[in-house]
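The values are calculated or read from the model by the stated rules, or taken from the named source; none is laboratory data. Everything numeric in this text was worked out from a predicted model, so none of it was measured. Don't worry about glycine lacking a Cβ; one is built from the backbone with ideal geometry, like all the others, and counts go over all protein chains shown. When the accessible area is computed, the model is the full protein with side chains, heavy atoms only, and any ligands, DNA or RNA have been set aside. Shrake-Rupley method; radii C 1.70, N 1.55, O 1.52, S 1.80 Å.
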Number of protein chains: 2
Amino acid sequence: MDRCASMGQKDSSTILVFSLNCWGVRYMSKHCTQRFTMIADMLLKEEHDIVLLQEVWSEKDYLFLRKKLSSSHSHSHYFKSGVIGSGLAIFSKHRIQDTLLYRYSLNGYPYMAHHGDWFGGKAVGLAILNIGTLTANVYLTHLHAEYSRERDTYLPHRVVQAWELQQFVRHTSANADMVILGGDLNMHPQDLGTRLLMSYTGLRDAYAEADQFDGFENGLTLVLDNAFVSKKMVIPFERGIRIDYILFKGSSQADIHCASMCTTKGSVPGHPVPYSDHEALTAELKLDAHAAPQAGDVQSKSGHFSGDDVAKLVDILTEARTEVKVGIHCAERMRKTVTRMVAMGLALLLLELAIAAVPWLALGVEQAFPHTSFYLLAALCFAILLGTSLLYVFYTMELKSLQGTEDQMRLAMGGLQEKLRGYPVAQPGCTHKKPLEELEPNVFCPED
Amino acid sequence: MDRCASMGQKDSSTILVFSLNCWGVRYMSKHCTQRFTMIADMLLKEEHDIVLLQEVWSEKDYLFLRKKLSSSHSHSHYFKSGVIGSGLAIFSKHRIQDTLLYRYSLNGYPYMAHHGDWFGGKAVGLAILNIGTLTANVYLTHLHAEYSRERDTYLPHRVVQAWELQQFVRHTSANADMVILGGDLNMHPQDLGTRLLMSYTGLRDAYAEADQFDGFENGLTLVLDNAFVSKKMVIPFERGIRIDYILFKGSSQADIHCASMCTTKGSVPGHPVPYSDHEALTAELKLDAHAAPQAGDVQSKSGHFSGDDVAKLVDILTEARTEVKVGIHCAERMRKTVTRMVAMGLALLLLELAIAAVPWLALGVEQAFPHTSFYLLAALCFAILLGTSLLYVFYTMELKSLQGTEDQMRLAMGGLQEKLRGYPVAQPGCTHKKPLEELEPNVFCPED
């Protein structure tokens with residue numbers, strides 16, 4: 001991508017941020033090596049300040065990029081996690097002072113191997129950068145994919161991830177003069193998780209706030225015009241979806257706004273293939289150091305929100321709790337099913353033992369049950385007991401994580417309700433209409 | 001435990017902090033129910049401000065405590081994680097505003113079921129409390145146990161945990177007016193992990209800084225005088241070891257010092273059994289709000305340490321990196337072994353297929369190989385392939401976590417070296433003597 005035509009001259013108060021989901025599954029993604037070469041050439045030419053890449057699954061590809069970009073981006077970090085890594089890599093012109101990785105407690109199911117998310121060890125990486133005299137907390141993440149909008153069995157997991165992401169950003173960014181978050185959130189702009197993340201952290205959407213925008217209509221980042229994208233991926237949306245973001249906020253030390261933003265448009269001029277199945281995002285952020293506290297900085301040191309903000313948060317949190325409760329209900333049901341299968345395995349084992357005992361009890365009598373069937377039954381029994389035990393352990397861990405998140409959300413709700421009581425009159429235009437008591441979730445299981 | 005005799009009258013500037021590893025393994029720990037009743041009664045009577053409990057493995061025990069303490073400690077939180085929970089519970093007189101849990105990326109091995117640590121999902125819990133107008137970040141943790149001091153195969157895991165703990169505390173405490181950390185660190189005061197934690201965070205040891213101390217000699221917390229403690233647990237130390245801590249630090253907003261500290265001494269007057277196999281700790285912290293920045297607050301906003309501090313950190317970090325590299329070496333070796341076993345399993349599978357093919361190729365010829373052996377071999381083959389595949393996945397994840405930590409440490413070392421270059425002359429009494437280049441670890445494998 002040539003830098004957005006609309007972008008002005010880069011000066012010291014400009015921070016160019018780039019984000020791309022690289023679709024870097026070696027031997028499975030199409031034209032993987034060729035695309036990484038294209039990406040490296042473009043990054044070398046464009047000289048963004050901060051490059052946030054997702055799905056760089058192979059460390060070899062990261063090392064290739066690091067070598068190619070050594071002259072333009074002398075600082076980089078690759079976040080390692082899970083079985084095949086987190087896929088997250090950051091390249092920077094500015095010194096990376098410190099890094100921290102937070103692995104999400106839930107990330108799909110290991111037996112859904114064809115979806116593969118579980119093996120990726122999805123996480124949020126934090127890199128603390130020195131930009132001049134300012135400290136920038138740069139977050140890079142990739143949430144669990146949505147494979148079906150209608151029957152999204154991973155929704156509770158993604159809501160938990162969005163919750164943990166906002167918790168992590170809020171608790172680690174107190175020292176930061178500016179916060180930048182980029183990555184593939186796998187959530188649409190109006191999705192619950194996006195609202196949860198943005199309301200709680202006060203982060204602002206570069207696309208929505210850009211003075212100028214050059215890119216695909218509505219800022220879409222997974223589009224049918226991209227040769228790697230199939231209709232199935234964006235159903236039921238006509239032209240595509242927006243799931244990749246660059247978010248930002250300033251502080252009392254630094255006012256920040258998005259001067260321009262651009263995305264690729266499904267193809268790269270002069271190249272036979274696009275960079276990835278996702279579009280690439282570039283945001284031009286403009287800094288005003290030593291500014292007064294700004295509107296976007298909704299949460300002050302003591303965590304105070306305005307009355308309207310609190311009411312909105314209560315609504316979003318109620319919705320999120322409902323979703324997590326649905327997840328708890330499903331996990332409990334799955335664990336019950338698995339428990340019944342363990343019982344079945346044990347019954348089979350007893351049957352086996354009874355068959356084995358026949359010739360032993362009636363000495364000399366030949367075993368009447370065919371040997372082959374006996375051993376096949378034994379193998380089946382062993383497989384059932386092992387498989388179901390592993391599943392039981394897994395569902396227990398899933399349940400604990402969901403319950404832990406629900407506990408945290410209940411605590412947060414208590415705090416919000418307390419704050420709301422402190423506001424004398426309901427604000428006009430306040431979105432909060434439901435009673436503040438715990439709402440019973442309209443429980444349904446996505447797998448019903 | 002009656003509150004330390006030495007403790008003065010409690011006023012609003014006093015914060016009483018209590019910490020105890022409860023040894024709450026239902027049906028396995030001795031007198032578990034009786035001990036939880038004793039603990040609840042004591043906590044109800046003593047009315048500490050903050051109660052930090054570890055090894056409350058059963059949620060039923062937490063709920064029992066919460067019910068009993070509802071009048072004295074109206075705020076509480078139970079941190080859920082892993083298969084059987086993190087075991088961490090906090091009870092507080094002051095409002096818990098927010099919580100966050102960080103699961104350590106490494107925590108032993110699932111196949112070491114008799115040690116059980118892996119199933120506990122060890123983590124550090126953060127609870128943000130409002131104490132008057134001040135914000136207190138209270139951390140509660142329990143690190144992996146040390147089962148053998150001489151052949152400590154878990155040392156790299158514990159060093160990674162100590163590293164992640166200090167990272168988590170540093171990055172989440174910028175907003176805090178005071179920081180309190182309590183729990184069972186499973187590390188002696190001079191152990192690498194303890195030094196890593198305390199040097200990086202600037203946390204101070206309540207036992208070492210207390211004006212008055214009443215408790216077991218040298219502040220020991222796992223002592224032979226305790227009826228539940230066997231000689232084997234504290235070998236090769238004569239009377240016991242100190243592995244439980246209350247650490248603290250203030251800020252520019254609040255000076256804080258430890259007025260007194262006390263521990264139980266192996267038994268509880270008037271009771272036939274002690275509270276736990278660990279001793280209970282109580283620290284009386286005194287607050288001076290709005291004080292000037294204090295000595296313990298070594299790290300300012302921009303992360304500046306003094307020249308001596310930096311030299312000390314470089315030494316500790318070098319040692320920690322060596323330990324992590326040992327861990328990487330061992331994990332790589334284990335993964336190689338497992339790979340060979342996978343190959344063996346595949347060879348067995350080929351053998352099986354060859355045997356099965358004999359009667360099929362030579363039509364009509366009776367299978368010469370005994371049926372029983374054939375099926376036993378098949379079961380063995382299946383078990384080897386499944387077991388080794390799971391182990392391969394596990395060791396890959398272990399390797400990723402160790403490498404990730406090593407990357408973070410290398411980055412931190414670069415920053416420290418840069419800082420050190422900024423100091424004109426070596427300070428007298430500076431402990432740093434080694435060259436700053438990467439030291440090659442004296443690699444040995446604890447399992448050699």
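Some observations on this one:
- Residues of region A:395-417 whose accessible area, computed with a 1.4 Å probe over protein heavy atoms, drops by at least 50 Å² once all protein chains are present relative to their chain alone are A:Met397, A:Lys400, A:Asp407, A:Gln408, A:Leu411.
- Shielded residues, region A:168-195 - accessible-area loss of 40 Å² or more between chain alone and all protein chains, probe 1.4 Å: A:His171, A:Ala174, A:Asn175
- DSSP bridge pairs, region A:14-126: antiparallel proportion in percent, nearest 5: 70 percent
- Once the chain from B:Glu59 to B:His31 is taken as fully extended at 0.36 nm per residue, the excess over their C-alpha distance is 8.4 nm.
- Compactness of chain A, expressed as Rg and Dmax over alpha-carbon positions, Å: 25.7, 96
- Accessible surface of the protein assembly as shown, 1.4 Å probe: 58 percent of it comes from carbon and sulfur atoms.
- Averaging the Cα positions of each part gives two centres, and for region A:304-362 and region B:119-188 these lie 30 Å apart.
- At 7 Å out from Cα toward Cβ: B:Pro359 inter-copy label distances (nm, ascending): 1.6
- For region A:8-88, with +1 on Lys and Arg beta carbons and -1 on Asp and Glu, the positive-most of A:Ile50, A:Tyr78, A:Phe18 along the dipole: A:Tyr78
- With protein chains left intact and a 1.4 Å probe, residues in the protein assembly as shown average 42 Å² of accessible area per residue.
- Label-to-label distances for A:Glu150 across copies, nearest first, come out at 6.7 nm, using points 7 Å from Cα in the beta-carbon direction.
- On Cα atoms only, tilt of A:371-422 relative to the major axis of chain A in degrees: 40 degrees
- Compared with the rule-of-thumb size 2.2 N^0.38 Å for a compact globular protein, the protein assembly as shown has a Cα radius of gyration ratio of 1.00.
- Segments A:195-204, B:228-237, B:389-398 sorted - mean Cβ within 10 Å per residue, highest first: A:195-204, B:389-398, B:228-237
- Global form of region A:83-128, assessed from the alpha-carbon gyration tensor, a/c cut-off 1.5: prolate
- Taking label points 7 Å from Cα along the Cα-to-Cβ direction, A:Leu350 and B:Glu217 give a separation of 5.9 nm.
- Whether region B:180-255 is rounded, prolate or oblate, judged on the alpha carbon gyration tensor where a/c under 1.5 counts as rounded: prolate
- Position B:Ala208, label points 7 Å along Cα→Cβ, spacing to each other copy in nm (shortest first, one decimal): 4.9
- Spin-label pair B:Ser267-B:Arg151: with each label point 7 Å from Cα along the Cα-Cβ axis, the two points sit 3.6 nm from one another.
- Bridge orientation summary for chain A: considering DSSP beta bridges with both residues in this region, about 75 percent are antiparallel.
- To the nearest ten degrees, helix A:59-68 and the longest principal axis of the Cα atoms of chain A are 20 degrees apart.
- The protein assembly as shown: antiparallel DSSP beta bridges as a percent of all, rounded to 5: 75 percent
- Net dipole in debye of region B:139-236 [+1 Lys, Arg Cβ; -1 Asp, Glu Cβ; about Cα centre; nearest 20]: 400 debye
- Expected 222 nm ellipticity per residue - DSSP helices of 4 or more, -39500 (n - 2.57), all of chain B, to 500: -13000 deg cm²/dmol
- Compared with its chain on its own, region B:64-88 contains the following residues whose accessible area drops by 50 Å² or more in the full protein assembly (probe 1.4 Å; ligands, DNA and RNA excluded): B:Lys80, B:Val83.
- Taking all protein chains together, A:Arg158, B:Arg170 sort by accessible area into B:Arg170, A:Arg158, largest first [probe 1.4 Å].
- Cα gyration tensor shape for region A:23-167, rounded if a/c is under 1.5, else prolate or oblate: oblate
- When the accessible areas of A alone and B alone are added and the area of the pair subtracted, with a 1.4 Å probe, the result is around 4600 Å², both sides summed.
- Spin-label model, B:Lys286 to A:Arg421: label points 7 Å out along the Cα-to-beta-carbon direction sit 3.6 nm apart.
- The C-alpha atoms of chain A define a longest principal axis, and helix A:155-172 lies at about 50 degrees to it.
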